[in-house]
Amino acid sequence: MADSVTGACLCGAVSFRVTPPTLFCAHCHCSMCRRNHGASYVTWFGIARDRLAFEAGEDVLVRHRSSEHGTRSFCGRCGSSLFCESTRQPDHVDVVLASLDGPIDRAPAMHVYFDSRADWTDVRDELPRLGGASGVEPLPGAQPEPRPGVCVGHVALAVPDIEKTGAFFAALGMRELVRGADFGLYELRGGTHLLLFPGGPPAPGTPASFDLMVDDLDAAHARFAALGLAPGEIERERTPHHRSFTLAAPSGHVLVVQSSHVSGKPV
Ligand SMILES: [Zn+2]
Ligand SMILES: [Zn+2]
């Protein structure tokens with residue numbers, strides 16, 4: 001990243017340069033920003049006043065006193081909104097991120113005045129959503145759900161001995177919900193249910209119709225070995241990006257157990 005970043009209004013009459021570090025970067029949903037920009041919300045960053053230097057057109061800027069403490073300024077020729085200042089923080093200037101020609105030292109980190117947002121604003125990111133009188137208070141109930149919106153509902157396996165196979169899956173760590181002679185129901189992390197229903201023994205070596213994933217493959221391998229389940233050797237790249245081993249289920253299916261390979265975000 002360059003040491004400093006240039007910015008300008010739409011017509012170019014006003015141009016300036018900012019030199020990070022910046023102080024914050026946030027999406028503002030307040031009604032003044034919305035109306036001022038004709039936009040759903042406006043992304044601002046803050047910077048110390050002495051890190052903002054005009055290259056041209058400071059005299060073209062028009063300052064509008066938008067509240068008792070706030071002043072917004074825009075280009076007097078093209079109307080582009082560029083800056084917001086507050087007497088409460090006289091050493092800081094807020095700058096419209098979209099006016100810059102390049103990136104700054106941080107990404108937008110939050111939504112502020114989120115409870116003032118327009119009805120038609122559809123926010124789907126995972127940033128904190130703040131609001132209230134100051135615009136930056138936590139909003140109970142408004143925080144994003146960090147997990148994906150859907151999970152696998154049911155997987156099913158036809159097995160010749162439901163009770164024995166069910167006991168095997170319970171030993172692996174599934175939660176037993178129904179254990180019967182002709183129907184078994186087992187719950188996995190994330191809410192997926194495994195249905196066991198009657199069926200003939202599979203041909204030798206038939207893979208199960210699903211695989212399993214664990215956070216710690218080595219610990220799982222050791223635990224399953226201690227349970228007498230005779231896990232196979234841990235192999236790399238049986239499936240790309242995963243380490244895995246196999247288990248022989250009592251039903252005759254071969255089950256692959258994989259190391260988890262997720263984004264690092266909640267699942
Ligand atoms: Zn302009
Ligand atoms: Zn605002």
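The values are calculated or read from the model by the stated rules, or taken from the named source; none is laboratory data. Note that the structure is a prediction, hence the values are computed from the model and not measured. Virtual Cβ from ideal backbone geometry, glycine too; neighbours counted across all protein chains shown.
Look at H193 and say whether it is touching a His at 6+ places or on another chain (Cβ under 8 Å) and modelled with pLDDT of 95 or more. Answer is yes for this residue.
Here region 1-17 is the region considered, the condition is being of a type outside the set (A, V, I, L, M, F, W, C) and modelled with pLDDT of 95 or more, and the residue that is surrounded by the most Cβ atoms within 10 Å (Cβ to Cβ) is G7.
Quick check, is C78 in contact (Cβ under 8 Å) with a residue 40 or more places away in the chain, within 13 Å of ligand 2 (Cβ to nearest atom), farther than 13 Å from T19 by Cα and out of contact with any helix residue (DSSP H, G or I) (no Cβ under 6 Å at 6 or more places or on another chain)? No, not satisfied.
Out of everything in region 46-73 that is touching a helix residue (DSSP H, G or I) at 6+ places or on another chain (Cβ under 8 Å) and farther than 11 Å from V93 by Cα, what residue ends up being farthest from ligand 1 (Cβ to nearest atom)? Out of the qualifying residues, it is S67.
Annotation: of all residues in region 18-41 being part of a strand (DSSP E or B) and surrounded by 17 or more Cβ atoms within 10 Å (Cβ to Cβ), the one that is farthest from ligand 2 (Cβ to nearest atom) is V18.
With respect to D161, determine if the residue is within 28 Å of the chain's Cα centre (by Cα) and more than 30 Å from P20 (Cα to Cα). Let's see the steps before the verdict.
Numbers: within 28 Å of the chain's Cα centre (by Cα): no; more than 30 Å from P20 (Cα to Cα): yes.
Here the answer is no, as D161 does not meet what is asked.
Taking the conditions exactly as written (of a type in the set (S, T, N, Q) and either without any contact (Cβ under 8 Å) to a residue 40 or more places away in the chain or out of contact with any helix residue (DSSP H, G or I) (no Cβ under 8 Å at 6 or more places or on another chain) (or both)), does T43 satisfy them or not?
Numbers: of a type in the set (S, T, N, Q): yes; either without any contact (Cβ under 8 Å) to a residue 40 or more places away in the chain or out of contact with any helix residue (DSSP H, G or I) (no Cβ under 8 Å at 6 or more places or on another chain) (or both): no.
It is false that T43 is of a type in the set (S, T, N, Q) and either without any contact (Cβ under 8 Å) to a residue 40 or more places away in the chain or out of contact with any helix residue (DSSP H, G or I) (no Cβ under 8 Å at 6 or more places or on another chain) (or both).
In region 84-97, of all residues being touching a residue at least 24 places away in the same chain (Cβ under 8 Å) and not in a loop (DSSP other than H, G, I, E, B), the one that is nearest to ligand 1 (Cβ to nearest atom) corresponds to V96.
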